[in-house]
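Shown next, in structure tokens, is the structure this report addresses.
The values are calculated or read from the model by the stated rules, or taken from the named source; none is laboratory data. Nothing here was measured: the structure is a model prediction, and the numbers come from that model. Virtual Cβ from ideal backbone geometry, glycine too; neighbours counted across all protein chains shown.
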Amino acid sequence: MTSVYHLPFALKLFTALGCGLVAGVFFAFSTFVMNALAKLQPREGIIAMQSINITAINPLFMVALFGTALACLFLAIASLSKWHQPGALYVLVGSLLYIVGTVVVTIAFNVPLNDALASTKPDSTEGVNLWARYLTNWTLWNHVRTIAAFGAAALLTMALCKPTVQ
């Protein structure tokens with residue numbers, strides 16, 4: 001039988017899994033996707049990344065990225081009202097780490113880089129120069145997102161291991 005006491009656990013579990021899922025996607029880009037794209041001729045790399053950036057905007061990935069952020073926001077607020085609970089600090093720090101280190105970094109750094117790449121012509125000198133900077137800058141910020149999402153998943157998982165006072 002499900003009780004209202006299981007909902008906080010389920011939300012923390014869902015959120016930890018969401019953070020881990022997003023961390024895994026970003027980890028793939030940081031460890032091999034961007035390296036593979038960098039080995040292509042600039043024109044082909046630009047075209048491939050432009051395509052990736054378009055197809056990444058889909059309901060499943062958006063729910064994983066932003067649904068997890070919404071759950072983190074809810075958990076962060078709830079943790080403030082349950083500060084006496086074991087694991088509340090893990091929930092608060094993990095949630096804020098995901099929101100700031102993953103979502104804010106995405107919006108502030110990766111998306112503007114993607115927008116600049118989307119508007120460049122792959123065959124142009126400007127495109128080739130932009131691509132060189134893009135590979136370095138986008139990947140750096142992706143490393144930040146990866147570490148933040150993974151750290152958030154770890155902290156939320158640690159919070160699950162703490163007993164909750166009913």
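Some points to look at:
- When the criteria are applied in full, GLY24 meets the requirement of being of a type outside the set (A, V, I, L, M), without any contact (Cβ under 8 Å) to a residue 40 or more places away in the chain, assigned to a helix (DSSP H, G or I) and farther than 22 Å from LEU130 by Cα.
- Any chance ALA116 is modelled with pLDDT of 95 or more, assigned to a helix (DSSP H, G or I), of a type in the set (Gly, Ala, Ser) and surrounded by fewer than 15 Cβ atoms within 10 Å (Cβ to Cβ): yes
- Filter pass, LEU65 being crowded, with 19+ Cβ neighbours inside 10 Å, of a type in the set (A, V, I, L, M), assigned to a helix (DSSP H, G or I) and without any contact (Cβ under 8 Å) to a residue 60 or more places away in the chain: yes
- Qualifying residue in the range 86-107 (condition: surrounded by fewer than 19 Cβ atoms within 10 Å (Cβ to Cβ), at pLDDT below 95 and not acidic (Asp, Glu)): yes
- Odd one out for VAL111, checked against (1) out of contact with any Asp or Glu (no Cβ under 9 Å at 6 or more places or on another chain); (2) buried (at least 17 other Cβ atoms within 10 Å of the Cβ); (3) among the β-branched types (Val, Ile, Thr): (2)
- Pair list, Cβ under 6 Å, 6 or more apart: the range 77-88 residue in a helix (DSSP H, G or I), other residue of a type outside the set (Ser, Thr, Tyr): SER79/ALA88; SER79/VAL91; SER79/LEU92; ALA88/LYS82
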